[in-house]
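Once you've had a glance at the structure underneath, I'll fire off some questions.
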Amino acid sequence: FKTCPGRVITKLLCSGEKEVDLAVQSAKAAFKIWSQMSGMERCRVLLEAARIIREQREEIATLETINNGKSIFEARVDIDISWQCLEYYAGLAGSLAGEHIQLPGGSFGYTRREPLGVCVGIGAWNYPFQIACWKSAPALACGNAMVFKPSPFTPISVVRLAEIFTEAGVPKGLFNVVQGGAATGQFLCQHPDVAKISFTGSVPTGAKIMEMAAKGIKPVTLELGGKSPLIIFSDCSLENAVNGALMANFLTQGEVCCNGTRVFVERKILDTFTKEVVKRTQKIKIGDPLLEDTRMGALINRPHLDRVQHFIKQAKEQGAQVLCGGDLYVPDDPKLKNGFYMQPCVLGNCTDDMTCVQEEIFGPVMSILPFDTEEEVVERANSTKFGLAGGVFTRDIQKAHRVVAALKAGMCFINNYNVSPVELPFGGYKASGFGRENGRAAIEYYSQLKTVCVEMGDVESAF
């Protein structure tokens with residue numbers, strides 16, 4: 001493989017109703033074997049998969065860069081998070097248990113934590129391999145099987161994950177991959193043998209999946225969009241806050257659901273902060289994502305690039321000021337001339353009612369907004385339909401905890417941003433979805449409790 005900006009690197013057939021059914025039936029057969037294994041047996045297989053990913057880190061990261069367009073620097077981090085996720089749930093697999101409850105007269109009850117069955121994972125195109133691991137690791141640790149559908153824009157790396165699971169020793173068909181778009185996803189969601197659906201993507205698609213799942217009474221986990229606030233107080237460490245703002249806006253070309261794209265800056269440091277952010281943004285190295293010093297690669301495709309550009313045009317029309325970037329970028333390398341590159345953009349003079357502040361752009365566009373008081377900024381930060389993430393930069397730790405407690409968001413950061421330890425739950429409030437990925441919380445969404453009540457004496461009849 002070589003970087004092929006703007007060119008087709010491979011073609012895959014979409015899975016139709018027949019292929020989806022074959023995948024589900026194959027997973028169903030594998031589930032019978034896997035669910036009967038002990039937690040420790042499943043642990044060893046997941047650890048082996050993690051070892052393979054760790055050993056093949058460079059190869060998989062390269063594949064992911066070609067798959068998505070993000071820098072190899074970032075792709076390596078994604079792969080590290082992926083094997084760490086498998087290791088984490090391998091560690092939990094052997095400890096999954098119910099509880100024993102003593103009842104009167106020597107009777108007792110107990111609970112069993114049991115797998116759901118065949119789970120469906122539907123991934124997004126911004127973190128293809130990592131999202132597949134985030135969904136499959138807890139699912140498999142709990143004893144489930146999974147059929148996974150990656151985005152049709154990034155179909156490649158998840159197939160490698162399926163091969164790795166097979167190499168590690170999972171039963172054949174336990175982790176199946178189907179390819180396709182909305183129609184394939186619909187076949188999966190409506191399949192009678194699917195027990196649960198976990199989706200990462202847009203709010204409109206999430207709503208449709210929830211509707212389809214409701215007809216089959218299937219539980220869902222929805223990790224949807226965001227328009228997260230990043231609040232910079234004047235008592236922050238300025239350098240740290242600038243680093244945080246860059247991390248909150250420009251990772252993976254800005255194509256990150258939890259990005260802190262509404263950057264609220266206390267007015268007394270607005271000019272200083274803005275000047276430094278613009279200076280740092282202009283230095284971001286754009287170009288071939290496989291080069292070591294590249295920090296921003298290409299956006300996912302031409303329609304998405306056009307959409308991001310339209311947001312910037314609209315922002316200017318509504319009175320925002322482009323402080324830097326926003327234009328298409330053509331690298332010097334002639335092989336990259338057809339790539340979907342743009343210069344990272346910082347918008348100033350923004351107000352809360354602008355489209356660029358209200359809607360998720362999902363590109364490298366930062367909107368800076370001034371504020372005066374803590375009470376004011378918290379109210380403005382929460383005035384959105386989304387609630388995925390939020391961040392606070394301040395040296396006043398009491399204020400930091402007070403503000404994050406008031407934010408209506410599922411994932412909050414204090415003096416950092418876009419840190420994703422697999423030990424911590426990840427998910428949103430409001431239109432950003434529900435359910436959680438990662439941490440012990442995910443176990444609750446991939447298992448179910450059975451209660452058993454044991455009577456040690458004679459049954460007392462009421463009749």
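Quote the FRET efficiency, to the nearest 0.05, computed for Ser38 versus Leu12 with a Förster distance R0 of 35 Å and r equal to the Cβ-Cβ distance.
Step by step, r from the Cβ atoms, then E = 0.45.
Shifting gears a bit: Mind ordering 387-397, 173-183 by average Cβ neighbours within 10 Å, highest first?
387-397, 173-183
Moving on. By how many degrees, 0 to 90 and rounded to 10, does the Cα axis of helix 39-55 deviate from the longest principal axis of the chain?
30
Of the beta bridges DSSP finds with both residues in the chain, what % are antiparallel, to the nearest 5?
Of the beta bridges lying entirely in the chain, close to 35 percent run antiparallel.
Could you tell me whether region 251-306 comes out rounded, prolate or oblate from its Cα gyration tensor? Rule is a ≥ b ≥ c as square roots of the eigenvalues, rounded for a/c under 1.5, then prolate if a/b exceeds b/c, otherwise oblate.
Here region 251-306 falls in the oblate category.
On to the next question. Give me a comma-separated list of calculated 3J(HN,Hα) values for region 392-408, in order, Karplus coefficients 6.51, -1.76, 1.60 applied at θ = phi - 60°, integers in Hz, x for any Gly or Pro.
Once rounded to whole Hz, the list reads 9, 10, 6, 8, 8, 5, 5, 5, 4, 5, 5, 6, 5, 5, 8, 6, 8.
Related question: Sort out for me the Cα centre separation of region 84-138 from region 332-357, rounded to whole Å.
Centre-to-centre (Cα) distance: 41 Å.
Using a/c under 1.5 as the rounded threshold, could you call region 262-351 rounded, prolate or oblate? The axes a ≥ b ≥ c are square roots of the C-alpha gyration tensor eigenvalues, and prolate needs a/b larger than b/c, oblate otherwise.
Judged from the Cα gyration tensor, region 262-351 comes out oblate (a/c at least 1.5, b/c at or above a/b).
Could you order the peptides 452-460, 237-245 from most to least packed, using the average number of other C-beta atoms within 10 Å per residue? Show your work: numbers first, answer last.
Values: 452-460: 8.9, 237-245: 18.7.
The peptides rank, most packed first, as 237-245, 452-460.
OK, next. Taking H as built 1.01 Å from N, whose amide H comes closer than 5 Å to the amide H of Val365, not counting residues under 5 places away?
Placed amide hydrogens put Cys345 under 5 Å from Val365.
Would you mind calculating the gained length between Gln282 and Ala182 on full extension (0.36 nm times residue separation, minus the Cα-Cα distance), in nm to one decimal?
The span from Gln282 to Ala182 would gain 32.2 nm if fully extended.
Please turn the phi angles of region 15-26 into ³J(HN,Hα) values with the Karplus equation 6.51 cos²θ - 1.76 cosθ + 1.60 (θ = phi - 60°), one per residue in order, whole Hz, x for glycine and proline.
Each residue of region 15-26 in turn: 7, x, 4, 5, 5, 4, 5, 4, 5, 5, 5, 5 Hz.
Could you grab the relative contact order for the chain? Cα pairs under 8 Å, six or more apart, rounded to a whole percent.
On the way: 1017 pairs, mean separation 89.7, N = 463.
Computed over the chain, the figure is 19 percent.
Heavy-atom accessible area per residue, the chain, 1.4 Å probe: how many Å²? Please list the in-between numbers first.
Details: 20080 Å² over 463 residues.
That works out to 43 Å² for each residue.
Give me, ordered by chain and number, the residues 5 or more places off Lys196 or on other chains with an amide H under 5 Å from its own placed amide H.
Residues meeting the criterion, in which the H sits 1.01 Å from N, are Val120.
Kindly write out, for region 60-66 in residue order, the coupling ³J(HN,Hα) from the Karplus curve 6.51 cos²θ - 1.76 cosθ + 1.60 (θ = phi - 60°), rounded to whole Hz, with x marking Gly and Pro.
Coupling constants for region 60-66: 6, 4, 4, 4, 5, 4, 5 Hz.
Between Asp21 and Gln56, what length in nm is gained on full extension when 0.36 nm per residue of separation is reduced by their alpha carbon distance?
Length gained between Asp21 and Gln56: 9.4 nm.
Still on this model: Given region 229-414, what percent of its DSSP beta bridges are antiparallel, to the nearest 5? Show your work: numbers first, answer last.
On the way: 4 of 24 bridges.
That works out to approximately 15 percent antiparallel.
What is the set of long-range amide H partners of Leu230 at a cut-off below 5 Å, with H atoms built 1.01 Å from backbone N?
Result for Leu230 returns Arg262, Val263, Phe264, Gly391.
Based on the Kirkwood radius over alpha-carbon pairs, what is the Stokes-Einstein translational diffusion coefficient of the chain at 25 °C with 0.890 mPa s viscosity, in µm²/s? Numbers along the way, then the final one.
Details: Rh = 23.3 Å.
D, rounded to a whole number, is 105 µm²/s.
Give me the dipole magnitude in Debye, nearest 20, for the chain about the Cα centre, with unit charges on the beta carbon: positive for Lys and Arg, negative for Asp and Glu.
740
The values are calculated or read from the model by the stated rules, or taken from the named source; none is laboratory data. Everything numeric here is computed off the predicted structure, so don't read it as measured data. Don't worry about glycine lacking a Cβ; one is built from the backbone with ideal geometry, like all the others, and counts go over all protein chains shown. All accessible areas refer to the heavy atoms of the entire protein, side chains included, with ligands and DNA or RNA removed. Shrake-Rupley method; radii C 1.70, N 1.55, O 1.52, S 1.80 Å.
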